[in-house]
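Heads up, the thing below is written out as structure tokens.
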Amino acid sequence: KDIERNILTVSDDPTAYAAAHQLENVCLEKENWISGERPDPGRAYKARVRYHQEPQACTISYADKTTVRFNAPQAALAAGQSLVLYDGEICLGGGIIS
């Protein structure tokens, strides 16, 4: 989806889209942390953006916005998707990708 140019691209080849749309960083909004406190920045965590996805290694930082940086580029991440952050098997919470 290219909102600025008003273009929606549809394909039955998910690898073509995935190769062209890989991200290492995403920003979060509407965060909800189970403990009520933000996770420690710079530590190693895992994140999941799809229900059955293997958790992906990442770190988290805070500046103007909360940023999740994946160790490896992630395919087809989109604004509006939920991101859930884990510390091992413990769910810390998460937010909406902005």
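Suppose we filter the range 49-98 for residues that are among the basic types (Lys, Arg) and in contact with a Ser or Thr (Cβ under 9 Å, 6 or more places away or on another chain); how many remain?
Final tally of qualifying residues: 2.
Mind checking which residues of the range 65-91 are closer than 19 Å to GLY36 by Cα and either open to solvent by 40 Å² or more (accessible area, probe 1.4 Å) or charged (D, E, K, R) (or both)?
Passing the criteria: LYS65, SER82, VAL84, TYR86, ASP87, GLY88, GLU89, ILE90, CYS91.
Give just the number: which of (1) touching a Pro at 6+ places or on another chain (Cβ under 7 Å); (2) not in a strand (DSSP E or B) does TYR51 not satisfy?
Here TYR51 meets the rest and fails (1).
A quick yes/no check of all residues on (1) in a loop (DSSP other than H, G, I, E, B); (2) touching a Gly at 6+ places or on another chain (Cβ under 7 Å); (3) at pLDDT below 90:
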position: SER11; (1), (2), (3): yes, no, yes
position: LEU23; (1), (2), (3): no, no, yes
position: GLY36; (1), (2), (3): yes, no, no
position: GLN74; (1), (2), (3): no, no, yes
position: LEU83; (1), (2), (3): no, yes, no
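The values are calculated or read from the model by the stated rules, or taken from the named source; none is laboratory data. This structure is a prediction, so every number in the text was calculated from the model and none was measured. Neighbour counts are summed over all protein chains in view; Cβ atoms, including those assigned to glycine, are modelled from backbone coordinates with ideal geometry. Surface areas here come from the heavy atoms of the whole protein model, side chains and all, with no ligands, DNA or RNA. Shrake-Rupley method; radii C 1.70, N 1.55, O 1.52, S 1.80 Å.
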